[in-house]
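The values are calculated or read from the model by the stated rules, or taken from the named source; none is laboratory data. Owing to the predicted nature of the structure, the values given are computational and were not obtained by experimental measurement. Here the Cβ positions follow ideal geometry from the backbone for every residue, glycine too, while neighbour counts run over all protein chains shown.
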Amino acid sequence: MKNIFTIFVIIIFLSFSVKIRAQENNKTPEKFRLITGIRVNPLLIYDLKGGYKERVLLHGELGALFNKKFYTSVGYTAGVNAIYNFNEYWFIGFDKKVPVSWVIAEEYNLDNHKFFVQTGPNIKLSKIGNFFMFLYTPVDEFNLGLKVGVFIPLNAVLKKR
């Protein structure tokens, strides 16, 4: 039953995840951008019980950006052997000096078979990357933690419309 559930979750991640990402301002209307790449992700992970870990993670992603507002992606994080789905809505857009999005992400760890959810703000830092603060918890037990870090994207645009 556990294997069937795992396969179902992977299929759901893949079916809902087409990565979108805007990294620069573009004055022409753009409805869609298909992007692939990696993210370098230095971060601190706090467990809110006083402990923390410092990590630098690498993520491989495929995603899509729709109307420069909604981005969704699916990816793999090698350092923790996890697949994830990353969704964000840019409520302060790329035409503003400091674009800000709200993120909801899900992660499945392939080693310990645990699901995690996380949410929080994501702030664009010019063309360098993004700063984020996400609350997270395992799905099977409410055990709140905090991730603080940056994403440094190294992307290639596969298609735009």
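Restricting the stretch 82-131 to residues that are of a type in the set (Lys, Arg) and either surrounded by 17 or more Cβ atoms within 10 Å (Cβ to Cβ) or under 20 Å from Gly145 (Cα atoms) (or both) leaves a set whose member that is farthest from the chain's Cα centre (by Cα) is Lys114. When restricted to residues that are surrounded by 14 or more Cβ atoms within 10 Å (Cβ to Cβ), closer than 17 Å to Glu107 by Cβ and either modelled with pLDDT of 95 or more or in contact with a Cys (Cβ under 8 Å, 6 or more places away or on another chain) (or both), the stretch 136-161 contains 8.
With respect to the stated conditions, Ala82 is at pLDDT 95 or above and either aromatic (Phe, Trp, Tyr) or on the phi < 0 side of the Ramachandran plot (or both). Scanning the stretch 57-78 for residues that are of a type outside the set (Ser, Thr, Tyr) and either over 15 Å from the mean Cα position of the chain (by Cα) or surrounded by 16 or more Cβ atoms within 10 Å (Cβ to Cβ) (or both) yields Leu57, His59, Glu61, Leu62, Gly63, Ala64, Leu65, Phe66, Asn67, Lys68, Val74, Gly75.
Taking the criterion of being of a type outside the set (A, V, I, L, M, F, W, C) and either modelled with pLDDT of 95 or more or crowded, with 17+ Cβ neighbours inside 10 Å (or both), the residues of the stretch 32-50 that qualify are Arg33, Thr36, Gly37, Arg39, Asn41, Pro42, Tyr46.
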